[in-house]
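Everything below concerns the one structure shown next.
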Protein chains: 2
Amino acid sequence: MKRNKMMTQVLAGFLELLPKEQLVFDHLKGVIEETYKIFGFTSIDTPAIERSEILLAKAGGDTEKQIYRFTKGDNDLSLRFDLTVPLARYVSEHFNEITFPFRRYQIAKVYRGESPQKGRFREFYQCDIDIIGNGDLSLMNDAEIPAVIYTVFKKMNIGKFIIRISNRKLIVGLTQNLGIEDMATEVMRVVDKIEKVGPESFIELLKGIGLEETSINEIIRFVGITGTNDSIISQLENLGIQNPLFIDGVQELKKVIALIRNLDIPDEYIQVDLSIARGLDYYTGTVYETVLVDNPKLGSICSGGRYDNLADKYTDKKLPGVGISIGLTRLFSQLRDAGLITFDRSTMTKVLIVPMTLDMTGAFNLASTIRRAGIACEVYHEVGKIKAKIGYADKQGIPLVIFLGENEISAGTATIKNLKTGSQETVELSKVIYKIQEV
Amino acid sequence: MKRNKMMTQVLAGFLELLPKEQLVFDHLKGVIEETYKIFGFTSIDTPAIERSEILLAKAGGDTEKQIYRFTKGDNDLSLRFDLTVPLARYVSEHFNEITFPFRRYQIAKVYRGESPQKGRFREFYQCDIDIIGNGDLSLMNDAEIPAVIYTVFKKMNIGKFIIRISNRKLIVGLTQNLGIEDMATEVMRVVDKIEKVGPESFIELLKGIGLEETSINEIIRFVGITGTNDSIISQLENLGIQNPLFIDGVQELKKVIALIRNLDIPDEYIQVDLSIARGLDYYTGTVYETVLVDNPKLGSICSGGRYDNLADKYTDKKLPGVGISIGLTRLFSQLRDAGLITFDRSTMTKVLIVPMTLDMTGAFNLASTIRRAGIACEVYHEVGKIKAKIGYADKQGIPLVIFLGENEISAGTATIKNLKTGSQETVELSKVIYKIQEV
C-alpha cells in the first residue's frame, strides 16, 4: 500500500495524465503542430510570465479576476491567460524584424484561476494560429483558415465535425440598423446562447437586456435564417437592410464561402450559422466555431475569427489579423470522458531486448543497431524471471520482445516474440530490422 | 518608425526569439526529444504550478530565495524550479499506476528568479530523462545514459564533445577515510571548482573550509589522478584505500566504463574525470558532465547522475534512479553567442504559390495537393507587385516560388522558380510534387 508523507495530488483544476494518456495527448498535439506547419505557420515561444501592465491592458472583468498575479523584486508580474495578448506584444516589439503577413503558431500553456468545475482548467494548452497583416490583410486568409481546421480534425479522427462560419458585421450592422448599436455586445452574448437555452429563454434574455419588441423580432428573424450556405446568403441579400456594415458583412461572407469551395473541403463540413457571434472576443469580421456532430455537448472545439487591429494597446501600427485557437486540454479531457479516444500503450517503445547472458555486448550492440534504424528500443536491465520481463513489455504495451541467449549469440541470431499474436521466430541478426519493420 | 505605447520588451532574464532563431531552437529541442523516445523514454507533463509545500520540501538556500511564490485563494503556490521535484511528486502520487523501471522524459520550462546576468535565465527549458526503479535499479542503466548523451550531441552537430564520468562514492568514501565525512558536501563543492580556479586557489579554498594539510594532500592526490580510463581505474584500485564506500565506487565506475564499451560510443567521447562531483545536487553514485572540447567556456552542457532515493520527502517507497538534464535555453543562447549555430530562414515553408489571376481555384487546388504530400506550402494572398511577392519568399528563406498565370492554368502547368539558384522551369501540374521533392 502506498503511503504518502505529503499531499502529492495535483491542485484542483490542473490536468496531470498517466503515461498512456499522455501519449495520446502528445499525438493530438503533434497532429495540430504538423498541420500548422504544413500550412506555413512558424512557431514563436513567448514567456509564460509577462508584466501585469501588458496583460491587464487587454484583460477585463472575469479575466482580470482570474489572473495569477504576483510581485518579484520590483516587478508586478502575471501568468499569461491566453496567447493572443503575448502575440500582440511580440509583434509590437519585433515589428521591424518580422516579415508580414506574419503567420505564427504557438502551442503553450496558459493560466486562469477559475473556480474549478468540470471541463474548466486553471492550466491548459492553447494551440493558436494567427495571420497578421501590416496595414491590410486579404480576405483570402479568412477562407484558408477553415482548411487548417478541416485538416486538423480529419487527421485527429474523432468523428464527424462541422465548421460554422458567420461574420460579426452582420449582427453589429443589424443593431446599427435598429438604432441599438450601443447594445451590440450584449446582443451578441445573448445570440451566442441561443443553442444552449432554446428559443423561449432566448426571447426572455433579449427582453432582459432591455430590447423592445421591434428589435427582438428583427433579431429573431435574423438568427432564424437557415438553409444551405447559398440559400442563407441569398436570404441575407434579400432582407433589404441598407446598413453599409451589414452589406459589407454579407459580401465578405459570400466571398469567403466561395473561396472555401476551392480548398478541397467537402461541402458538408462548412455551415454558415448566423447564431455564431463570439461575443466575448474581440472579432470584427469572419467568425468560426467547430462542433462535433455526434457530440454537440462538447461545444465549440476550435474557435476564432478576424480582427481589425491586434495591438492597438501597444503600438500605433494597424495590424489586422485572423486566427483560431484549439483548447487542447479541455478537448482531450472531453474526448476521454466521452470515450472517443482509447489508450492501449504506455510507451512508444517498439522493441524490448531481454538479454539472457551476463555479457551485455550482444544486447547493447543490437539495441544500437535498432535505434540507428529510428526504432524505439529498450534493453531490460533488471534481474528477475523471464515472466516478469515479458510482463513489463505486456504492461507497457511494447509489441515485440527479442531474446538473446547463449544459443542465439553463438549462432548470430535473435529470437523475436510478437506479444500481440504470440508468434515467435528465430532470425539472423542481419534480418532483425526487417522483421521489426514488418510489424 | 515603430512607436510603442507601452513597454513591450520581455522582462530581463527571459529569452524571446525571433522566428529564424526559434526554428533552430525547435530543431535542437526536436533532436533531444526524438533521441529520448528512441531510447524508450515516455513523456509526462506536470503542471508548472505546484503547492509551495511540495517544492520547498526539497529546495533550500538559493533555490528557495529564487522561487516564484504567490497565493491564489487559500493556496500557497509556486512555479517549479526544476523537473526533478515534480517527477518525485508524480511518481509518489501515481505509484500504483506506473510500471517500473519508469523511463520518463519531460521537456518543459522551469522558473528561477535569479539576478539577471549573462547566461542566467529566469525562465528556461530543462530537457530531462530519468529511469526510476522500484526498490532496485541495475547499474546497466548508468551505462546506457552516456549513449543517450552521445546520440543527442552527435545529432546536434555542434562540435566535438566529451562525456566526463565519475562516481560520488569515491570522494565521499575518501572523506570518510580521512575522518572528515561531515565536510563531504563542502569538499565536493570545492572540487567542482578546481577547473575554474586552478590548483593554487583550489588549495586555498580547501584551507578555507577548514581542512588540515593531511586531508588537503589526500584530496589533491585523488583529483590529480589522470590518464586513460583504464589507467585511472587501476590507479584508484592501487591507492590502498580500504573504505567500503570508496571500494564500491571504484567497482561501480569500472563496471560502468566496461559496459559503455558495448554501446557503440567511440572511446574518445568518454573520459573518467575525478574532479566531477556535482556537489550542488543530490547524487549518490555515478555522475556525468558533458563539455564541448573547443568551447570549454560553455561549461557542462548536460549533467546528471545516480541517486539512491528520488522521493523520500513524499513517500516511504525506495525509488533509486539515474538521469540527466540538458538546460536548452542556456545552451542555445551560448551556441548563438559563440556563432556555433546559424539562422538561414524564418519559416519551414518550402513552397510559396503566387497566383497571377483573380480566380483562386488553381492556386488553392495546387496548395492542397502540395500539402497533402506533406510539404509545407503557403499561398501569397495579398495584393502587390510580383517583386514584393518574391521579396516575401526571399526574406522568409522560402526556397521555391510557383507562379500560376493564365497561360499556366490553361496549359495545366506551373512555373517553378528556385530562389537559391535563380533557375526557372515550367512543368506539368502532375510533376510539380516530384520537382519540389528534388530540391
In degrees, nearest ten, helix B:168-177 long axis to first principal axis of chain B (Cα): 20
Furthest towards positive pole of dipole, B:MET356, B:TYR269, A:ILE209, structure part the protein assembly as shown, Cβ charges: B:MET356
Regression test value, accessible area per residue of chain B, probe 1.4 Å, units Å², expected 42
Name the residue, out of A:VAL148, A:VAL427, A:VAL293, whose mean-square fluctuation peaks in a Gaussian network model built on chain A with Cα pairs under 10 Å. A:VAL427
If you take the alpha carbon radius of gyration of region B:271-395 and divide it by 2.2 N^0.38 Å, what ratio comes out, to two decimals? 1.87
Answer in debye to the nearest 20: the dipole magnitude of the protein assembly as shown about its Cα centre, from +1 Lys/Arg and -1 Asp/Glu charges placed on Cβ, is 340
In region A:158-217 the accessible area split gives carbon plus sulfur, as whole percent at 1.4 Å, a share of 48
Determine the shape class of region B:377-439: with a ≥ b ≥ c the square roots of the Cα gyration tensor eigenvalues, call it rounded for a/c under 1.5, and otherwise prolate if a/b is greater than b/c, oblate otherwise. oblate
What ratio of Cα Rg to 2.2 N^0.38 Å holds for chain A? 1.23
Where nothing but the Cβ of Lys and Arg (+1) and of Asp and Glu (-1) is charged, how large is the charge dipole of region B:69-217 around its Cα centre, in debye to the nearest 20? 860
Considering only chain B, pick the residue with its Cβ nearest the axis of the rotation onto chain A, and state the distance in whole Å. B:PHE70, 2
Apply the Karplus parameterisation 6.51 cos²θ - 1.76 cosθ + 1.60, with θ equal to phi minus 60°, to every residue of region B:308-321 and state each ³J(HN,Hα) to the nearest whole Hz, in sequence, with x for glycine and proline. 6, 7, 5, 9, 5, 6, 10, 8, 7, 5, 8, 10, x, x
Is region B:17-102 best put as rounded, prolate or oblate by its Cα gyration tensor, with a ≥ b ≥ c the root eigenvalues, rounded for a/c under 1.5, and otherwise prolate when a/b is larger than b/c, oblate when not? oblate
Global form of the protein assembly as shown, assessed from the alpha-carbon gyration tensor, a/c cut-off 1.5: prolate
Return the long-range amide H neighbours of A:ILE241 (sequence gap of 5 or more, or a different chain), with a cut-off of under 5 Å between placed amide H atoms. none
Total charge of the residues flanking B:GLU123 in space, meaning their Cβ is under 9 Å from its Cβ, with Lys and Arg +1 and Asp and Glu -1, is +3
Keeping the other protein chains in place, figure out the carbon and sulfur percent of the accessible area of region A:1-92, with a 1.4 Å probe. 45
Shielded residues, region A:381-424 - accessible-area loss of 10 Å² or more between chain alone and all protein chains, probe 1.4 Å: A:HIS381, A:GLU382, A:TYR392, A:LYS395, A:GLN396
Can you pull the semi-axes for region A:31-165, root of five times each eigenvalue of the Cα gyration tensor, sorted largest first, whole Å? 28, 21, 13
Sum up the charges of everything whose Cβ sits under 13 Å from the Cβ of B:GLU425, counting Lys and Arg as +1 and Asp and Glu as -1, but leave B:GLU425 out. 0
Those lysines that a straight Cα-Cα span of less than 18 Å connects to B:LYS255, excepting residues fewer than 8 apart in one chain: B:LYS169
Considering every residue in A:129-135, what mean count of other chain Cβ atoms within 10 Å of its Cβ is obtained? 1
A:LEU404's amide H: which non-local residues (gap 5+, or another chain) put their own amide H closer than 5 Å, with H modeled 1.01 Å from N in plane and none for Pro or chain starts? A:VAL354, A:MET356
Ascending list, in nanometres, of distances separating the B:LEU280 label from those of the other copies (7 Å, Cα toward Cβ): 4.2
With just the Cα atoms defining each centre, how far is region B:1-56 from region A:77-138? Give it in Å. 15
at B:LYS387 the sorted inter-copy label distances (label 7 Å from Cα on Cβ side), in nanometres, are 8.1
Whole-Hz ³J(HN,Hα) from phi, Karplus 6.51 cos²θ - 1.76 cosθ + 1.60, for region B:430-439, glycine and proline x: 5, 9, 4, 4, 4, 5, 5, 5, 5, 7
Quick one: which bits of region A:42-77 get at least 50 Å² less accessible when the partner protein chains are in, versus the chain alone, with a 1.4 Å probe? A:THR42, A:SER43, A:ASP45, A:PRO47, A:ILE49, A:ARG51, A:TYR68, A:PHE70, A:LYS72
With the dipole of region A:224-370 worked out from charges on the C-beta (+1 for Lys and Arg, -1 for Asp and Glu) around the Cα centre, which of A:THR347, A:VAL287, A:ALA258 lies farthest toward the positive end? A:THR347
Suppose every Lys and Arg Cβ carries +1 and every Asp and Glu Cβ carries -1, with no other charges. What dipole size does chain A come out with about its Cα centre, to the nearest 20 debye? 1720
Once you keep just the Cα pairs under 8 angstrom separated by 6 or more residues, what percentage relative contact order results for region B:250-403? 15
Can you work out ³J(HN,Hα) from phi for every residue in region A:68-79, in order, using Karplus 6.51 cos²θ - 1.76 cosθ + 1.60 and θ = phi - 60°, giving whole Hz and x for Gly and Pro? 8, 10, 7, 10, 9, x, 8, 8, 8, 10, 8, 7
Report the percentage of all Cα-Cα pairs in region A:195-245 whose separation exceeds 16 Å, rounded to a whole percent. 49
A:GLU64 neighbourhood, Cβ < 11 Å, K/R = +1, D/E = -1, net charge +3
Excluding ligands, DNA and RNA, what is the accessible area buried between chains A and B, summed over both sides, using a 1.4 Å probe, to the nearest 100 Å²? 9300
Students often check this: by mean Cβ neighbours within 10 Å, which of A:208-214, A:153-159 ranks highest, and how do the rest follow? A:153-159, A:208-214
What residues have an amide H closer than 5 Å to that of B:PHE14, excluding those fewer than 5 places away on the same chain, when H is modeled at 1.01 Å from N in the peptide plane? B:ARG122
Relative contact order, percent, of chain B when contacts are C-alpha pairs under 8 Å separated by at least 6 residues? 16
Violations at 26 Å Cα threshold for listed pairs A:LYS58/B:LYS72; A:LYS109/A:LYS155; A:LYS435/B:LYS37; A:LYS155/B:LYS29; A:LYS72/B:LYS318; A:LYS387/B:LYS318 -> A:LYS72/B:LYS318
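The values are calculated or read from the model by the stated rules, or taken from the named source; none is laboratory data. As the structure is a computational prediction, the values presented were derived from the model and not from experiment. Here Cβ is always computed from backbone atoms with ideal geometry, including for glycine, and neighbour counts include all displayed protein chains. The area values use the complete protein model at the heavy-atom level, side chains included, leaving out ligands, DNA and RNA. Shrake-Rupley method; radii C 1.70, N 1.55, O 1.52, S 1.80 Å.
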